[in-house]
Amino acid sequence: MNRFDRQSFLGMDSEFKLGAATLGLVGLGGGGSHIVQQSGHLGIGGYVLVDPDHSTETNTNRLVGGTLADLESLTAKVAIAERLIRGLQERPRITPVRDTWHNATAKLKRCEIIVGAVDSFKEREELERFARRHLIPYIDIGMDIHELGGKKYLIGGQVILSMPGKPCLRCCGLITEERLAMEANKYGAAGSRPQVVWSNGVLASTVVGLITQLLTPWFNNPPDFVYLDYDGNRGTLTPNDRMELLRNKICPHHPPEETGDPLFDVREFNRHVADLALNKSKFSSAPPATSLWKTIWAGIARALGL
Amino acid sequence: MDARAEFAAIQALHPSASLHSEGGNPVVLLPNFKFRAGDKTVAMALLLHPSPHSGYVTRLFFEQKLEGVGQSQNWTEHTVLSRKWWAPSWKEVVAEQSWISMLGAHLRAVA
Amino acid sequence: MTIQFKITRHLLEEVRRDLARPHRYAHERVGFISSGLSSAEENLLVLARTYRAVADGDYLHDPSVGAMIGPDAIRKALQWALSEGVAVFHVHTHGGIGRPGFSNIDLREQAKFVPNFFQIAPQCPHGALVLSNNSVHGHIWLDGDKSFEIVTGFVEVGAPLNIWSTS
């Protein structure tokens, strides 16, 4: 009997594949925290968790894993996420980064999949471009609540799988110059936008389903481009029209010639690797530090003739 | 604008400049570029993006943040060409000008 | 140090389709894959970009080997590395199932021509790949003066992802 027996339909070696994978999660708020929880349950073994913030009172209506005690101690969102995962797995490989993702790119490069649960179009675009340069599938999740007037609201959102070579967020019309310009005019301030836990849950669960399709063989011919619209008023998640229209389209916004780091130089890389090896050997050949208590005890032992 | 000609002019000014591409758009890297920042001369890598980026019609990215220098404000972090950069909010730079003029116009933010 | 080679499924299928085409006298076909690169601490990522087939006329008539490409094929690949500043990987297939290996002739020829790429594009590593019908094996030179390293992992990027390690 194995704790993953109930998901054995995911494939013979699915437990191994999920355990070996590393997921990059940028944004650990309402959407990201759901994804952390589900990924931990599912058995994904590796995580790069990125978020600069700590839990605040207005997060508690939706931050999965966060408690009221976290408010007092200003617990970082990455710490809450790590705690969640460690409660579900014996030996997860977790790299928490309490910073913006711009300072975590070396860690994110090694992920099999990156999920962006970020607030701004500018961050989405740059994160997706970074993922494309490194041939990493990128999944975008977003939710918004729009006031329609007369105290009526529309809950909406989207999940997009942006696979290298396939349609991107610009192809989908999610990222446009107009949206970026409007955002820039507000200096990127997202403000206190309305957010609720159940809509985040629907979208996050969909993301985890996509992650599972990418990592395990349970689903025959999974789609390599997904664009789903969420209507929270009707309770529906439906394929956007572009999902069919763009299905065979090659993305013009991320040319294959832009794959990789254009500033990479193997000579510098070789020097860096040699320096790392030298530092490691210096560290391992240094005499072990003697603890203060050992020194004191040795002195006492000598004095007593022991 | 002929990107090659514009780049050639920049390279004449700064020989170690190199031309790259992001999203199919030309981007010019200027390593160790010296410029006036407030009352000092500083040297750092700059990245000139002569087409729309992050909601601005053109953009100049800096290797380091120069918070409070000159008229620059609202500095934001970016990842361009796989590396981290900083850029101030500076909208006084039109796209319809030579890249050299554009570079000068962007640097006025920190002058 | 890990060395991971990533290629989209679309590109790998293009490579396989081309290598499967019959040639008038060569028993095997050969091509070249250009790649971008990136590093994460001491780990290297090789990120495949595009594929170029060796033209039919650039094969030499040598019945003692599966395929022998002539100096024009090498020259064109060198030119590619120079003009685009890319890493170049020689690629061919041995068919079959399971992890493939380079033959002694493959090893001999690689050692001759791959280091030449460093004279043209010294800022990039270069190497060679051999495919089977369901796997890949690769050698990479990080320095023209030293021997090759083995590519330790491959990712075929698509839905689903196909990830395998050679270490």
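Values quoted throughout were computed directly from the atomic coordinates according to the rules given, and no laboratory measurement underlies them. Because the structure is predicted, anything quoted here is derived from the model rather than measured. A quick note on method: Cβ atoms are made from the backbone with ideal geometry, for glycine too, and the neighbour counts reach across all protein chains shown.
Taking a Cβ cut-off of under 13 Å around residue A:242, the surrounding Lys, Arg, Asp and Glu residues balance to a net charge of +1, with basic ones at +1 and acidic ones at -1. For chain B, the longest principal axis of the alpha carbon atoms and the long axis of helix B:3-13 meet at an angle near 50°.
Computed from point charges on the beta carbon alone (+1 for Lys and Arg, -1 for Asp and Glu), the dipole magnitude for chain B about its Cα centre is near 220 Debye.
The length gained by stretching the chain between residue A:197 and residue A:247 to full extension, at 0.36 nm per residue less their Cα-Cα distance, is 14.9 nm. Against the empirical 2.2 N^0.38 Å (N residues), region A:143-269 has a Cα radius of gyration ratio of 1.30. Mean separation of Cα pairs under 8 Å and 6 or more residues apart, divided by the residue count, gives chain A a relative contact order of 18 percent.
Sorting B:59-70, A:239-250 by average packing, meaning the other beta carbons within 10 Å per residue, from highest down gives B:59-70, A:239-250.
Between residue A:261 and C:37, C:38, the built amide H atoms are under 5 Å apart, and every one of these is 5 or more places off in sequence or on another chain.
Step through the table entries A:109/A:166; A:107/A:249; A:186/B:40, compare each Cα-Cα distance with 26 Å, and write down the pairs that go over it.
On the way: A:109/A:166 19 Å; A:107/A:249 31 Å; A:186/B:40 31 Å.
Too far apart for the 26 Å limit: A:107/A:249; A:186/B:40.
Per-residue shielding of A:169-177, expressed as the average number of other chain Cβ atoms within 10 Å of the residue Cβ, stands at 1.
The phi torsions of region C:155-164, fed into the Karplus equation with coefficients 6.51, -1.76 and 1.60 and a -60° offset, translate into couplings of 10, 9, 8, x, 10, x, 6, 10, 10, 9 Hz, rounded to whole numbers, with Gly and Pro shown as x.
With a cut-off of 18 Å, note down the residues of region A:133-163 whose backbone N falls inside the zone around a label point 7 Å from the Cα of residue A:186 toward its beta carbon. The answer is A:141-149, A:153-158. Peptides B:40-53, C:70-83 ranked from most to least packed give B:40-53, C:70-83, packing being the mean of other C-beta atoms within 10 angstrom over each peptide's residues.
Of the residues A:240, A:199, A:80, the one whose Cα sits farthest toward the positive end of the charge dipole of chain A, with +1 on the Cβ of Lys and Arg and -1 on the Cβ of Asp and Glu, is A:80. Determine the shape class of region C:30-132: with a ≥ b ≥ c the square roots of the Cα gyration tensor eigenvalues, call it rounded for a/c under 1.5, and otherwise prolate if a/b is greater than b/c, oblate otherwise. Oblate, since a/c reaches 1.5 and b/c is not below a/b. With Cα atoms defining each centre, region A:63-98 and region C:1-48 are spaced 40 Å apart in the structure. Expressed in units of 2.2 N^0.38 Å, where N is the residue count, the Cα radius of gyration of region A:1-155 is 1.11. Calculated mean residue ellipticity, 222 nm, chain A: -11500 deg cm²/dmol, from DSSP H runs (n ≥ 4) at -39500 (n - 2.57) each, averaged per residue and rounded to 500. Less than 5 angstrom separates the built amide H of residue A:113 from those of A:22, A:24, all sequence-distant by 5 or more or on a different chain. For B:1, A:143, the sequence from fewest to most other C-beta atoms within 10 Å is B:1, A:143.
Counting every other Cβ atom within 10 Å of each residue's Cβ, C:25, A:138 order from fewest to most as C:25, A:138. With a cut-off of 14 Å between beta carbons, the residues surrounding residue A:206 carry a summed charge of -3, where Lys and Arg count +1 and Asp and Glu -1.
Think of the protein assembly as shown as having a plus end and a minus end, set by charges on the Cβ of Lys, Arg, Asp and Glu; of C:118, C:152, C:132, C:152 sits farthest toward the positive end of this dipole. The label-point distance for residue C:166 and residue A:146, in a model that sets each label 7 Å from Cα toward Cβ, rounds to 5.2 nm.
Taking label points 7 Å from Cα along the Cα-to-Cβ direction, residue B:39 and residue B:94 give a separation of 3.5 nm. Its Cα centre serving as origin, the protein assembly as shown has a Cβ charge dipole (Lys and Arg +1, Asp and Glu -1) of approximately 800 debye.
By DSSP, the beta bridges lying fully in the protein assembly as shown are antiparallel in about 70 percent of cases. Starting from the Cα gyration tensor of region B:1-76, take the square roots of the eigenvalues, sort them a ≥ b ≥ c, and report rounded, prolate or oblate (rounded when a/c is under 1.5, otherwise prolate if a/b is larger than b/c, else oblate). Cα axes put region B:1-76 in the oblate bin. Under 5 Å between amide hydrogens, built in the peptide plane, is the criterion, and for residue C:50 it picks out C:34 among residues at least 5 positions away or on other chains. Look at the alpha carbon pairs under 8 Å that are at least 6 residues apart: their mean separation over the length of chain C gives a relative contact order of 23 percent. Which FRET efficiency, nearest 0.05, do residue C:24 and residue A:60 yield, Cβ-Cβ r, R0 60 Å? According to the calculation, E is roughly 0.25. Listed by number, the DSSP H helices of chain A that run 20 Å or longer by alpha-carbon position along their axis and have mean Kyte hydropathy of at least -1.0 are A:197-215, A:266-285. Computed from label points 7 Å out along Cα-Cβ, the spacing between residue B:8 and residue C:82 is 2.1 nm.
Each Cα pair under 8 Å and six or more residues apart adds its separation to the average, and for chain B the resulting relative contact order is 22 percent. Coupling constants for region B:92-105 follow from the phi torsions by the Karplus curve (6.51 cos²θ - 1.76 cosθ + 1.60, θ = phi - 60°), and in residue order they are 8, 10, 7, 7, 8, 7, 5, 5, 5, 5, 4, 4, x, 5 Hz; glycine and proline get x.
About its Cα centre, the dipole of region C:1-104 is roughly 260 debye, where the only charges are +1 on Lys and Arg Cβ and -1 on Asp and Glu Cβ.
Estimate the FRET efficiency between residue B:18 and residue C:116 by the formula 1/(1 + (r/R0)^6), using the beta-carbon distance for r and 30 Å for R0, to the nearest 0.05.
0.75
With the cut-off at 1.5 for a/c, could you classify the protein assembly as shown from its C-alpha gyration tensor as rounded, prolate or oblate? Taking the square roots of the gyration eigenvalues as a ≥ b ≥ c, the protein assembly as shown is rounded.
Among B:105, A:223, C:102, which residue has its Cα furthest toward the positive end of the charge dipole of the protein assembly as shown, with +1 on Lys/Arg Cβ and -1 on Asp/Glu Cβ? Result: C:102. Centre-to-centre, using Cα atoms only, region C:69-89 and region A:129-208 are separated by 42 Å.
Charge tally around residue B:37: other residues with Cβ under 15 Å, Lys/Arg +1 each, Asp/Glu -1 each, net +2. Per-residue Karplus couplings for region C:54-59, computed as 6.51 cos²θ - 1.76 cosθ + 1.60 with θ equal to phi - 60°, are listed in order as 6, 4, 3, x, 9, 8 Hz, Gly and Pro entered as x.
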